[in-house]
Amino acid sequence: MRKKRKNIGSGMEGSPNEAAEGKKSVLGETLSFILYIAIVFLATYLVIHYVGQRTQVSGSSMEYTLSDGDNLIVDKISYRFHDPQRFDIIVFPFKQEENTYYIKRVIGLPGETVQIGADGTIYINEEPLDESYGREVILNPGQAEKPITLGFGEYFVLGDNRNASSDSRDPSVGVIKREDIIGRAWLRLYPFDKIGFIKHK
């Protein structure tokens, strides 16, 4: 006599309610992931536009303080609370070329008169400026050969590599307006052996 076999379930079959709950769980996880990505993008946008911006130094105009290829984070928030100070290293757009930015050191402040003598000495209000950032003696004073009086919100900037820098001595750059300053150099990310905060004074 042949015995009938009984079909035994695997125990994996769920009820309709369990299937619905599973779908809800997957949907919830998907929405959570999308929300997480949106928050990351929003935070990145806010940081880049209002807090800090990554930039790369191109050229040797700030040697030996900054070198060609250095990767920096520019602090974009500090100047919302205070004005740029003398010797700050700032970033600003180059007026003659779109999407080009310059990085230079603040030398002259609003209301001051800046002049560079024939011997390369920098004068602020006819007094020699006590500074040691210049890599070498200035050979070409440019338009600062004659006194330049800075107006409200205007700054005179120089590169530390004075004889290889296009800066406020050059009419194509000129004095820098307060509203054009993007921020100040804050942190060097690369090269790795030079990682650290940028010293301004």
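Condition first: loosely packed, with under 14 Cβ neighbours inside 10 Å and in contact (Cβ under 8 Å) with a residue 60 or more places away in the chain. Can you find one or more residues in the range 169-177 that meet it? Among the residues of the range 169-177, at least one is loosely packed, with under 14 Cβ neighbours inside 10 Å and in contact (Cβ under 8 Å) with a residue 60 or more places away in the chain, which makes the answer yes.
Can you tell me which residue is nearest to Lys194 (Cα to Cα) among those in the range 72-85 that are in contact (Cβ under 8 Å) with a residue 40 or more places away in the chain and assigned to a loop (DSSP other than H, G, I, E, B)? Among residues in the range 72-85 that are in contact (Cβ under 8 Å) with a residue 40 or more places away in the chain and assigned to a loop (DSSP other than H, G, I, E, B), the one nearest to Lys194 (Cα to Cα) is Lys76.
Checked across the range 137-160, the condition of being surrounded by fewer than 20 Cβ atoms within 10 Å (Cβ to Cβ), without any contact (Cβ under 8 Å) to a residue 60 or more places away in the chain and of a type in the set (Lys, Arg) holds for at least one residue.
In the range 185-201, the residues that are within 21 Å of Tyr133 (Cβ to Cβ) form Cβ pairs under 7 Å with partners that are surrounded by fewer than 11 Cβ atoms within 10 Å (Cβ to Cβ) and of a type outside the set (Phe, Trp, Tyr), at six or more places apart or across chains, as follows: Arg188/Gly196. For the residues Pro128, Pro110, the requirement of being modelled with pLDDT of 90 or more and surrounded by 13 or more Cβ atoms within 10 Å (Cβ to Cβ) singles out Pro110.
If a residue must be farther than 20 Å from Thr65 by Cβ and either basic (Lys, Arg) or outside any strand (DSSP E or B) (or both), how many such residues does the range 148-187 contain? Number of matching residues: 12. Of all residues in the range 97-120, those satisfying the criterion of being in a loop (DSSP other than H, G, I, E, B), in contact (Cβ under 8 Å) with a residue 12 or more places away in the chain and not charged (D, E, K, R) are Leu109, Pro110, Gly111, Gly117, Ala118, Gly120.
The values are calculated or read from the model by the stated rules, or taken from the named source; none is laboratory data. Every value quoted in this text rests on a predicted model; they were computed, and no experiment measured them. Note that we place each Cβ from the backbone using ideal geometry, even for glycine, and neighbour counts take in every protein chain shown.
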